[in-house]
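Structure first, commentary second.
The values are calculated or read from the model by the stated rules, or taken from the named source; none is laboratory data. Please read these numbers as outputs of a predicted model, since none were measured by experiment. Virtual Cβ from ideal backbone geometry, glycine too; neighbours counted across all protein chains shown. All accessible areas refer to the heavy atoms of the entire protein, side chains included, with ligands and DNA or RNA removed. Shrake-Rupley method; radii C 1.70, N 1.55, O 1.52, S 1.80 Å.
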Amino acid sequence: MYRLNYVLIFAFMHPLVKLAKQAVESYIQEGKIITPPADLPLEYLQKKAAVFVSLHQNNELRGCIGTYLPTKENIAQEVIANAIAAASEDPRFNPITKEDLPNLKYEVYILEKPQLVKSIDELNPKIFGVIVSGSQSKRLALLLPELEGIDTIEQQLNCVCQKAGIDPTREKLIVQKFRAQEFH
């Protein structure tokens, strides 16, 4: 019964979520980095974009790594690299083990190019993610849009500043916004 449910769920996954899952499972089980399958939709093999991959276990974040600008040849390669990094390099969590694999849920975000924010009135945490950097420090942090518990612009900016280790009362903020397409 478990195998049949797994096959049905896998069959209905978005191709990028399926790719992230395959990348993590291959890396954790065999130590191998997969190549993008040829049957992926062409846009993921031909276009570049920044990508984040989030892993959840028992409805709790278990890893999240990404890029805010593209670093790989295409979206598929960006997904593979960030899925593996989310499973093995997120400093907030222990690396994923073989025993964790059956309980993981995957989310993939394709980020649009960030735009400089001139006024915080341009922000909306339900629509835009944010990237904040300090004008003097080299610190930078990013928050994806539509995060649970982040309902106001103030909450979003406070959270991302805390994540970056930036004190907005001591340093001028450089804020960028972006939209993200989410797949799960």
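Stretching LYS118 away from SER137 to a fully extended chain increases their span by 4.9 nm, per 0.36 nm per residue minus the current alpha-carbon distance. Result for the chain in a Gaussian network model with C-alpha springs under 10 Å: among GLY129, GLY63, GLY31, the largest mean-square fluctuation is at GLY31. Dividing the helix sum by the residues of the chain, where each DSSP H run of 4 or more adds -39500 (n - 2.57), gives a mean residue ellipticity at 222 nm of -9500 deg cm²/dmol. A run of the chain free of exposed loop cleavage sites, with trypsin sites (Lys or Arg not before Pro) counted only in DSSP states other than H, G, I, E and B and at most 15 other beta carbons within 10 Å, reaches its longest extent at 49-91.
The residues packed around MET13, meaning those with a beta-carbon under 15 Å from its beta-carbon, carry a net charge of -1 if Lys and Arg are +1 and Asp and Glu are -1. Surface composition of the chain: carbon and sulfur atoms hold 51% of the protein heavy-atom accessible area at a 1.4 Å probe. With r as the distance between the Cβ atoms of GLN162 and LYS98 and R0 = 30 Å, compute the FRET efficiency 1/(1 + (r/R0)^6) and round to 0.05. Computed FRET efficiency for LYS98 and GLN162: 0.30. Loop-located GluC sites (Glu not before Pro) across the range 129-180 with a Cβ neighbour count of 11 or fewer within 10 Å are GLU148, with loop assigned by DSSP. Computed with a 1.4 Å probe over protein heavy atoms only, the accessible area of HIS56 comes to about 40 Å².
Within the listed set SER133, SER119, SER26, the Gaussian network model of the chain (springs between alpha-carbon atoms below 10 Å) gives the highest mean-square fluctuation for SER119.
From a point 7 Å beyond the Cα of MET13 in the direction of its Cβ, which residues of the range 97-130 have a backbone N at a distance under 17 Å? 97-110, by backbone N distance to the label point.
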